[in-house]
1. Can you work out which of the residues in the stretch B:59-70 that are under 13 Å from the mean Cα position of the chain (by Cα) and more than 11 Å from chain A (Cβ to nearest Cβ) is nearest to B:Ser82 (Cα to Cα)?
2. Identify the single condition in (1) within 21 Å of B:Gly29 (Cβ to Cβ); (2) in a loop (DSSP other than H, G, I, E, B) that B:Ala88 does not satisfy, given that it satisfies every other one.
3. Could you list, in sequence order, all residues of the stretch B:17-52 that are more than 14 Å from A:Asn105 (Cβ to Cβ), within 13 Å of another protein chain (Cβ to nearest Cβ) and of a type in the set (Val, Ile, Thr)?
4. Select from the stretch A:35-60 the residues that are touching a Ser or Thr at 6+ places or on another chain (Cβ under 7 Å) and more than 8 Å from every other protein chain (Cβ to nearest Cβ) and list them in ascending order.
5. How many of the residues in the stretch A:1-26 are within 14 Å of A:Thr78 (Cα to Cα) and either among the hydroxyl-bearing types (Ser, Thr, Tyr) or part of a strand (DSSP E or B) (or both)?
6. Output the residue which, of all residues in the stretch B:12-53 that are of a type in the set (A, V, I, L, M, F, W, C) and in contact (Cβ under 8 Å) with a residue 60 or more places away in the chain, is surrounded by the fewest Cβ atoms within 10 Å (Cβ to Cβ).
7. So for the stretch A:59-74 (the condition being within 27 Å of B:Leu48 (Cβ to Cβ), of a type outside the set (S, T, N, Q) and at pLDDT below 90), does at least one residue qualify?
Amino acid sequence: GAGVSQSPSNKVTEKGKDVELRCDPISGHTALYWYRQSLGQGLEFLIYFQGNSAPDKSGLPSDRFSAERTGGSVSTLTIQRTQQEDSAVYLCASSFPTSGVTGANVLTFGAGSRLTVL
Amino acid sequence: AQRVTQPEKLLSVFKGAPVELKCNYSYSGSPELFWYVQYSRQRLQLLLRHISRESIKGFTADLNKGETSFHLKKPFAQEEDSAMYYCALSNTGGFKTIFGAGTRLFVKA
């Protein structure tokens, strides 16, 4: 596609419900990233994928958070039993990193999914 | 461990004044550093990267390995520079990328 597409753009849910956020990266981009953007916290790294595997899941806040990527393309971030502190904008980005080429890993971001947990 | 620190949450300057947004990093390898910008109601996008040593929209940033800094500078701020600025660091090989907390720049007329 022309850019990174995220859905839904807005999601309001009740505490305790599960939510799924979807990211469709730029075609051909092998790396995919999830970040959480909240007031006062900046851009918090959650997880990244290289192909379908996730070399670094260290940023996931708790075991309620999980992510998967299939076919080296679309990724889904799932939050189970949502809490009010999960309210934030969830940003997805993709890139085509060129190993050994310094500064080549430029991220292209989606518009984000705004999650509000009541 | 990788870490990016942006000490200022908000920076307010007058139009035409110089501006410097601070960024310090912690990383044991050779860092790859970037500045990203988010204008109002727009997506987060790349502003510049240290390897390019270029000036984008009048902004420059120099990597100082001794001070582990990558401050963003512009000699004469414009109102259209008002935005949220994030400093970012990629690990060697350039895959995992982490961001600082961001600095909101407000340029007053």
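1. First, pick out the residues of the stretch B:59-70 that are under 13 Å from the mean Cα position of the chain (by Cα): B:59-63, B:69-70.
Next, only the ones that are more than 11 Å from chain A (Cβ to nearest Cβ) stay: B:59-62, B:69-70.
On the way: B:Phe59: 13, B:Thr60: 16, B:Ala61: 17, B:Asp62: 21, B:Ser69: 22, B:Phe70: 20 Å.
Step by step, filter the stretch B:59-70, then rank; the result is B:Phe59.
2. The failed condition is (2).
3. Listed by number, the list holds a single entry, B:Val37.
4. First, the residues of the stretch A:35-60 that are touching a Ser or Thr at 6+ places or on another chain (Cβ under 7 Å): A:49-52.
If the condition is that a residue be touching a Ser or Thr at 6+ places or on another chain (Cβ under 7 Å) and more than 8 Å from every other protein chain (Cβ to nearest Cβ), then A:Phe49, A:Gly51, A:Asn52 are the ones that fit.
5. Going through the stretch A:1-26 one residue at a time, the tally reaches 9.
6. Going through the qualifying residues, I end up with B:Phe14.
7. Residues of the stretch A:59-74 that are within 27 Å of B:Leu48 (Cβ to Cβ), as a first pass: A:59.
Filter once more, so that each one left must be of a type outside the set (S, T, N, Q): A:59.
Those left that are additionally at pLDDT below 90: none.
No, the stretch A:59-74 contains no residue that is within 27 Å of B:Leu48 (Cβ to Cβ), of a type outside the set (S, T, N, Q) and at pLDDT below 90.
The rows are residues; the columns are (1) assigned to a strand (DSSP E or B); (2) touching a strand residue (DSSP E or B) at 6+ places or on another chain (Cβ under 9 Å).
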| position | (1), (2) |
| --- | --- |
| B:Pro7 | no, yes |
| B:Ala17 | no, yes |
| B:Ser30 | no, no |
| B:Phe34 | yes, yes |
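The values are calculated or read from the model by the stated rules, or taken from the named source; none is laboratory data. Since the structure is predicted, the reported quantities are computational estimates derived from the model, not experimental observations. Virtual Cβ from ideal backbone geometry, glycine too; neighbours counted across all protein chains shown.
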